[in-house]
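One structure is given below, encoded as structure tokens.
Please treat every number below as a calculation from the coordinates, not as lab data. Everything numeric in this text was worked out from a predicted model, so none of it was measured. Quick reminder, even Gly has a Cβ in these numbers, built from the backbone with ideal geometry, and neighbours come from all protein chains shown.
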Amino acid sequence: MEDKRADQKQIKALESLRNAKRKTLFEAQDAIDQRREQLIGAIKAKPARNTNAAAVVGGFQTFALFPGISRSGVAIVGGILAGLSYEEACRFAFMLATPVIGAAGLLKAPALFEPEAQSILRLTIPAALAAGVTAYLSTAFLMKYFQTRRLAPFAVYCVLLGALTLVMLHH
């Protein structure tokens with residue numbers, strides 16, 4: 001008889017544990033569903049980016065033709081003036097460079113395998129890796145920097161470098 005009671009206690013304990021786990025899973029699922037609905041609501045509430053904003057950012061990039069003006073910098077300024085947040089403008093500006101850099105790499109890569117380029121091929125691979133790592137780290141730094149700071153120091157740097165370049169080209 002005592003074995004039967006012990007077995008019943010174990011069964012009740014296991015059922016209680018199973019019910020507690022079910023409750024926890026249901027609560028977790030409810031929390032996930034609520035968060036998903038919040039995100040969907042936030043996405044729907046955000047105004048859609050239009051072609052005018054893209055045109056503003058693209059138009060601002062033409063200023064990079066002037067000495068000392070950074071393409072990324074003017075794209076960020078254009079994005080901010082088009083209504084993007086600093087982080088969105090930075091992401092957009094850096095993402096705009098990716099296809100151009102990739103296409104340039106694909107265009108120039110065959111030249112590395114020509115006979116006259118064999119002597120520098122050993123240097124090219126580590127240099128490309130170093131450039132990639134440096135680009136990634138500098139982009140990560142700038143993304144973090146622009147979360148709490150503004151473009152003013154970057155603007156001063158560009159103006160000074162541009163003025164210096166113009167002076168050097170004039171002489």
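For the Cα atoms of the chain, what angle does the longest principal axis make with the long axis of helix 86-108, in degrees from 0 to 90, nearest 10? Taking the Cα atoms of the chain, the angle to 86-108 is about 60 degrees.
Across region 51-58, computed HN-Hα scalar couplings (Karplus, 6.51 cos²θ - 1.76 cosθ + 1.60, θ = phi - 60°) run 5, 5, 5, 5, 5, 4, 4, x Hz from first to last residue, x flagging Gly and Pro. Which of rounded, prolate, oblate describes region 88-171, given a ≥ b ≥ c as roots of the alpha-carbon gyration tensor eigenvalues and a/c under 1.5 marking rounded, otherwise prolate only if a/b is larger than b/c? Oblate, since a/c reaches 1.5 and b/c is not below a/b. On the basis of the beta-carbon distance and an R0 of 41 Å, Met95 and Leu160 show a calculated FRET efficiency of 0.90.
Three principal axis extents of the chain based on alpha-carbon atoms, in descending order, are 107, 48, 29 Å.
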